[in-house]
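Working notes for the structure below.
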Amino acid sequence: MSFATKLSDYFLLIEDNAFFAPNFVTHIHSRVTTMKSNSWVLLEFSNMGFLGKLFHSRDLPLLAHFLLLFYKEKPLDSLISHFRMLLVQESPILCKPFLFYRRVSYTTFDHKQKATALQKKNADGPNNPPGAVFTDMQVSDVHFPWEAYTLDESFFWTHNLSIGNHLTVILNHPANLSRVQVITGSIVDGRYALEKGQVELGYEPEGVPQHCTSFALLGHLSEGQMDQEIYLKGMGYHVSCVRLVVTAGQAGGYSGG
């Protein structure tokens, strides 16, 4: 931070194990431009730890000195929040949709212990067979359909859904599935969840690009989510598509994974 003080007008704090939304610099520049008439210390383009935090470079000498004084007392993300309040920005400014996400999710406490626990958990955790994602929902220029099929904290964002809209995963090869999990909306407060939707399993793909010619209903979303084991073995065999279908129109934003 001290080194970067005179290199630019702004300083963006990121992590090494993260990924970024396309054109994130353009989005940050646009947000900073809209904030020129407002006084701010910290703009947050992620709600995870110290990832995606933007400062004025003029504040870096003071921030670096502050971190050097107290780094043994609190984690870095807590110190940054305290620094923001010391410079009289009482409330965080969260810039949504977020542009940065961690590939591995664990807190700044006990890194080795948390990472080991995560690896053990993932050993028996979800496994998404390779596939492509297609949708007729509106696509933003920040969060793309394929992000709904990742196992990290990325997500697909859309808005103003209509009955029949779908997001479909077409597997590279037919797979035998034992369980399907769909999560929509914010994990923290449940906002932006898909209110009415159902999940279908597809079979007998054909055409170029491929599409499934028959579908079977697996289940309906409950409060924007579904986590269902497939008890009928025949239903889970040779699945080529998994399709989320909107069953009622919904205005406003929606996110899913």
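Being touching a residue at least 12 places away in the same chain (Cβ under 8 Å), part of a loop (DSSP other than H, G, I, E, B) and either surrounded by 16 or more Cβ atoms within 10 Å (Cβ to Cβ) or in contact with a Ser or Thr (Cβ under 9 Å, 6 or more places away or on another chain) (or both) is the filter here; which residues of the range 192-222 pass it? So that I can check it myself, show each step before the final result.
Initial filter on the range 192-222 (touching a residue at least 12 places away in the same chain (Cβ under 8 Å)): 192-205, 209-212, 214-221.
This time we only want the ones that are part of a loop (DSSP other than H, G, I, E, B), so: 192-196, 209-210, 221.
Correct list: Tyr192, Ala193, Leu194, Glu195, Lys196, Gln210, Leu221.
Kindly check whether there is at least one residue in the range 138-149 that is open to solvent by 20 Å² or more (accessible area, probe 1.4 Å), modelled with pLDDT of 85 or more, more than 20 Å from Val246 (Cβ to Cβ) and of a type in the set (A, V, I, L, M, F, W, C). No, that holds for no residue. Residues that are assigned to a helix (DSSP H, G or I), within 23 Å of Asp16 (Cα to Cα) and not β-branched (Val, Ile, Thr) were ranked within the range 27-58; the one that is most open to solvent (accessible area, probe 1.4 Å) is His29. Asn172 meets the conditions (1) open to solvent by less than 30 Å² (accessible area, probe 1.4 Å); (2) over 20 Å from the mean Cα position of the chain (by Cα) in every case but one. The failed one is (1).
Here's the yes/no breakdown for (1) of a type in the set (Val, Ile, Thr); (2) at pLDDT below 90; (3) part of a helix (DSSP H, G or I):
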position: Phe83; (1), (2), (3): no, no, yes
position: Gln89; (1), (2), (3): no, no, no
position: Phe98; (1), (2), (3): no, yes, no
position: Thr108; (1), (2), (3): yes, yes, no
position: Lys114; (1), (2), (3): no, yes, yes
position: Lys121; (1), (2), (3): no, yes, yes
position: Pro126; (1), (2), (3): no, yes, no
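The values are calculated or read from the model by the stated rules, or taken from the named source; none is laboratory data. Keep in mind that this is a model prediction, so the values were computed, not measured. No Cβ is skipped: glycine too gets one built from the backbone with ideal geometry, and neighbour counts run over all protein chains shown. These accessible areas exclude ligands, DNA and RNA; they are computed on the full protein's heavy atoms, side chains included. Shrake-Rupley method; radii C 1.70, N 1.55, O 1.52, S 1.80 Å.
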